[in-house]
1. Residue by residue through region 105-129, note down the ones that are in a loop (DSSP other than H, G, I, E, B) and on the phi > 0 side of the Ramachandran plot.
2. When you look at residue 219, is it at pLDDT below 95 and at positive phi, yes or no?
3. Here is a list: 240, 251, 173. Which entry is at pLDDT below 95 and either in a loop (DSSP other than H, G, I, E, B) or in contact with a Pro (Cβ under 6 Å, 6 or more places away or on another chain) (or both)?
4. What do you reckon, is residue 231 closer than 16 Å to residue 158 by Cβ, assigned to a loop (DSSP other than H, G, I, E, B) and assigned by TED's automatic domain parsing to the domain that holds residue 306?
5. Given the conditions (1) over 23 Å from residue 273 (Cα atoms); (2) part of a loop (DSSP other than H, G, I, E, B), which single one is not true for residue 181?
6. Within region 97-119, identify whether any single residue is closer than 24 Å to residue 257 by Cα, surrounded by 15 or more Cβ atoms within 10 Å (Cβ to Cβ), among the polar types (S, T, N, Q) and touching a Phe, Trp or Tyr at 6+ places or on another chain (Cβ under 6 Å), and answer yes or no.
7. Answer yes or no as to whether residue 132 is without any contact (Cβ under 8 Å) to a residue 60 or more places away in the chain, in the same structural domain as residue 193 (by TED's automatic domain parsing) and not in a loop (DSSP other than H, G, I, E, B).
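The values are calculated or read from the model by the stated rules, or taken from the named source; none is laboratory data. All figures in this text were calculated on a predicted structure; none of them were measured in a lab. Counting neighbours? That spans all protein chains shown, and the Cβs are built from the backbone with ideal geometry, glycine included.
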Amino acid sequence: MTTFKEIRGQLIKSVASDPANATGGDMWYNSTSQVLKGVVASGAWISATNYPTILYRGAAFGTQTAGAVTGGSVNSPGAQPSTTTTAEYNGSGWSTGGGLNLARRGLAAAGTQTAGLAFGGSPSPSDAAITADTEEYNGTAWTESNDLNTARQFLAGSGPQTAAIAVGGRTPPPNSTATEEYNGSSWTNGGNLATARRAGTSNGDSSNAIFSGGETAPGTQLTNVENYNGSSWTSGTAIPTGTAAWASGGPQTAVLAFGGRSPGLSAVTIGYDGTSWSTRPSMATARSMVAGTGSQTAAFVATGESPSLTNAVEEFTGETTTANVKTFTTS
């Protein structure tokens with residue numbers, strides 16, 4: 001018989017009171033009330049206002065009600081011109097933001113709608129050129145900042161504008177293990193990933209982060225997860241299925257990750273509580289190379305390839321709170 005440890009990778013703990021930070025899938029025995037309790041994952045994806053144009057390989061930053069998508073490509077296959085477009089999202093509709101100084105796709109982004117950061121990517125339709133260009137956003141316009149030390153595309157980024165992290169990516173021809181930390185003005189090299197890969201997703205900042213999934217080549221999506229302590233990476237709890245070209249939101253102890261390819265297009269959504277991964281409700285549309293951001297309680301996913309390019313947007317609302325704590329009984 002399958003046990004809870006085999007399913008979730010952990011034992012059921014005995015505690016005197018219900019934990020305050022429990023998330024979906026967590027279970028425990030309350031020794032005071034002498035009952036078995038757990039958090040039932042809730043929430044759902046719903047359709048939202050479409051992005052202004054079809055797009056893929058863009059990057060998102062901010063929150064569900066104050067977010068933005070910037071860069072990306074507007075055609076596939078064949079010629080795939082990159083764009084400078086930035087569109088801001090307020091939770092109900094899109095408005096035009098300031099344009100990037102350098103058009104690129106396969107870039108990464110971090111920060112908030114009024115203090116954003118965009119870095120890396122490819123300004124070339126053929127991916128022949130890769131940039132280290134970094135720009136800061138103030139909610140109105142982008143300004144040039146100091147470049148990454150390693151030019152790359154299909155990298156991951158997260159954190160605030162003053163403590164962002166850039167992880168992995170592709171530096172032709174190999175993939176990269178490089179990690180860089182941004183202090184609000186310039187990048188410094190951090191500890192390298194154990195596994196070189198591209199198209200993964202990161203959560204957290206330059207002092208504490210998690211890097212999940214990615215691929216070494218098309219069709220070779222990884223389950224690898226690594227945790228960063230500000231100086232070095234260590235192996236973390238693997239994701240259930242190898243996934244790349246996806247997006248995520250939330251800090252490193254409360255991740256919501258969604259979409260991508262594994263290797264087919266995926267609508268799967270999973271959550272991480274700092275210890276283990278568990279399933280969340282799937283998106284309506286399976287797609288990869290998406291732009292997405294937010295948290296475990298409020299996120300959005302925009303655009304992508306599904307398999308043709310799309311401008312569809314979905315919002316995730318709900319998730320696990322103390323209201324979702326249930327008492328389990330036999331029946």
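1. Within region 105-129, 106, 120, 121, 127 meet the criteria.
2. Values: at pLDDT below 95: yes; at positive phi: yes.
Yes, satisfied.
3. 173 is the lone residue from the list that is at pLDDT below 95 and either in a loop (DSSP other than H, G, I, E, B) or in contact with a Pro (Cβ under 6 Å, 6 or more places away or on another chain) (or both).
4. No.
5. Here residue 181 clears every test but (2).
6. no
7. no
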